[in-house]
Amino acid sequence: MSKQYFATSLTPEAHPADIFSVETTPEYAITSSGNSALKLWNAVSNDHELVLTIKTTHKLGIHHVCANKESGLVAAVGFDGEISVWSLQDGSCRGVISDPKTAHWAARFSADGAFLAATSLNGEINVWNTTGGEFEKCGELETKGSSGLAIDYSSDGRFIASGHENGGLYIFSTETARMLHSLPGHIKAVRAVAFSPLSKLLAAGGDSNVITVYDVTSGEQVFNLSGHSRWIMSLDWNFTGEYLLSGSFDKSLKVWSIEQTECVATQTEADSAVWAVKWTKTTGTARPQGFVSVGIDKTIRWYREATGG
């Protein structure tokens with residue numbers, strides 16, 4: 001059964017350069033680009049007006065952003081290899097994380113906001129405690145040396161997954177800091193990984209143009225989702241775990257039914273590659289769930305599910 005979504009709003013020229021990343025909270029959509037600013041947009045209003053601009057120290061631009069409502073923090077990863085952490089409330093800087101041995105790439109907060117994990121170009125995954133305000137390093141996960149391009153924390157806090165340039169795809173236990181699974185199925189770069197809301201499944205995609213879904217406990221490959229014709233850059237589950245959203249370099253967004261294991265909606269409004277997609281967080285409201293996309297054309301596109309009412 002297909003689903004229908006429509007674009008409710010466009011924010012053209014939202015940044016002066018490619019918009020590489022988008023993150024959503026119940027209040028905001030947070031975007032980052034090839035310039036040094038983070039921008040917070042109203043995710044609730046119909047106009048999605050700009051609420052706050054955070055001028056960071058990343059002079060070369062920001063390629064990844066992640067946020068956590070519980071901690072009230074947003075983390076930006078720049079092309080300079082550093083991670084800067086900022087307050088969602090007032091935009092003040094809470095700290096900068098750097099490593100003279102390597103550059104960081106993708107980052108993700110744990111669901112409770114107590115930890116921040118990031119991949120690096122030397123393959124290591126580092127974890128910091130965020131609760132004391134000092135961002136003390138508290139863990140280091142060893143992979144097989146290839147640059148880490150994607151990372152995610154499971155919602156129950158038990159697992160971290162990482163995707164790598166050489167096709168490596170790993171699941172780690174946060175309790176033991178040991179690798180649980182080295183997952184098969186990818187021989188090209190893995191650019192996106194995402195745990196399902198109940199932490200039972202892991203989706204991964206990248207340069208193979210195919211989304212692979214795995215059982216987290218066993219590490220077994222459950223099914224593939226095929227339909228994109230170029231690199232898959234971004235993945236995100238909706239809050240029920242029924243649907244998976246993907247964005248691709250083929251200029252399209254797709255919504256996939258996990259039960260049907262097939263694409264149920266395709267959006268092709270973008271006239272250039274899509275860098276990132278994210279569901280809006282509208283749980284507990286009467287508003288149908290939608291999503292946000294960003295990409296090379298510097299435009300933020302807001303979508304909502306069409307209903308029969």
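The values are calculated or read from the model by the stated rules, or taken from the named source; none is laboratory data. Not measured: the values here are computed from a predicted model. Glycine also receives a Cβ, built like all others from the backbone with ideal geometry; neighbour counts cover every protein chain displayed. Quick note on the areas: whole protein, heavy atoms, side chains included, nothing else; ligands and nucleic acids left out. Shrake-Rupley method; radii C 1.70, N 1.55, O 1.52, S 1.80 Å.
Going through (1) within 30 Å of Trp86 (Cβ to Cβ); (2) of a type outside the set (A, V, I, L, M, F, W, C); (3) surrounded by fewer than 18 Cβ atoms within 10 Å (Cβ to Cβ) one by one, Thr130 falls short only on (3).
Here Val74, Val96 are screened, and the one residue that is closer than 20 Å to Ala194 by Cα, in a strand (DSSP E or B) and out of contact with any His (no Cβ under 8 Å at 6 or more places or on another chain) is Val74. When the residues of region 241-257 are filtered to those that are assigned to a strand (DSSP E or B) and not polar (S, T, N, Q), the one that is most open to solvent (accessible area, probe 1.4 Å) is Tyr243. Scanning region 275-291 for residues that are open to solvent by 50 Å² or more (accessible area, probe 1.4 Å) and of a type in the set (Ser, Thr, Tyr) turns up at least one hit. Quick one: is Leu198 over 20 Å from Ser21 (Cα atoms), touching a residue at least 40 places away in the same chain (Cβ under 8 Å) and in contact with a Gly (Cβ under 7 Å, 6 or more places away or on another chain)? Judged against the criteria, Leu198 is a match. Looking across region 262-274, just one residue is in a loop (DSSP other than H, G, I, E, B), surrounded by 13 or more Cβ atoms within 10 Å (Cβ to Cβ) and among the polar types (S, T, N, Q), and that is Ser272.
Of the residues making up region 195-214, those that are among the hydroxyl-bearing types (Ser, Thr, Tyr), at pLDDT 95 or above and part of a loop (DSSP other than H, G, I, E, B) are Ser196, Ser199. Only one entry of Asp215, Asp236 meets the criterion of being touching a residue at least 40 places away in the same chain (Cβ under 8 Å) and of a type in the set (Asp, Glu), and that entry is Asp236.
Tell me which strands (runs of 3 or more DSSP E) are completely within region 145-194 and hold 1 or more residues being of a type in the set (Lys, Arg), or say none if there are none. Explain how you work it out, then say what you get.
Details: elements: 148-153, 159-164, 169-173, 179-182.
Per the criteria, no element qualifies.
Among what's in region 182-199 and is under 16 Å from the mean Cα position of the chain (by Cα) and surrounded by fewer than 19 Cβ atoms within 10 Å (Cβ to Cβ), pick the residue that is nearest to Gly219 (Cα to Cα). It comes out as Ser199.
So that you can scan it fast, the table gives a plain yes or no per residue for (1) over 22 Å from Asp112 (Cα atoms); (2) in contact with a Lys or Arg (Cβ under 6 Å, 6 or more places away or on another chain); (3) basic (Lys, Arg):
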{"site": "Ser182", "(1), (2), (3)": "yes, no, no"}
{"site": "Val190", "(1), (2), (3)": "yes, no, no"}
{"site": "Ala194", "(1), (2), (3)": "no, no, no"}
{"site": "Pro197", "(1), (2), (3)": "no, no, no"}
{"site": "Lys200", "(1), (2), (3)": "no, no, yes"}
{"site": "Val210", "(1), (2), (3)": "yes, no, no"}
{"site": "Gln221", "(1), (2), (3)": "yes, no, no"}
{"site": "Leu225", "(1), (2), (3)": "yes, no, no"}
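Applying a threshold of 7 Å to beta carbon distances and a minimum spacing of six or more residues, or different chains, the list of pairs starting in region 92-118 at a residue that is at positive phi and ending at one that is surrounded by fewer than 16 Cβ atoms within 10 Å (Cβ to Cβ) reads Gly113/Glu70. When region 167-179 is examined, which residues are found to be touching a residue at least 12 places away in the same chain (Cβ under 8 Å) and open to solvent by less than 80 Å² (accessible area, probe 1.4 Å)? Within region 167-179, Gly167, Gly168, Leu169, Tyr170, Ile171, Phe172, Ser173, Thr174, Ala177, Met179 qualify. The strands (runs of 3 or more DSSP E) found wholly in region 1-69 and carrying at least 2 residues that are buried (at least 22 other Cβ atoms within 10 Å of the Cβ) occupy 19-24, 28-33, 37-42, 62-68. In a residue-by-residue description of region 206-220, the property of being open to solvent by 60 Å² or more (accessible area, probe 1.4 Å) and acidic (Asp, Glu) applies to at least one position.
Would you be able to tell me the number of residues in region 144-162 that are of a type in the set (Lys, Arg) and at pLDDT below 95?
At the first step, the residues of region 144-162 found to be of a type in the set (Lys, Arg) are 144, 158.
If we keep only those that are at pLDDT below 95 as well, we get 144.
Of the residues in that region, 1 qualify.
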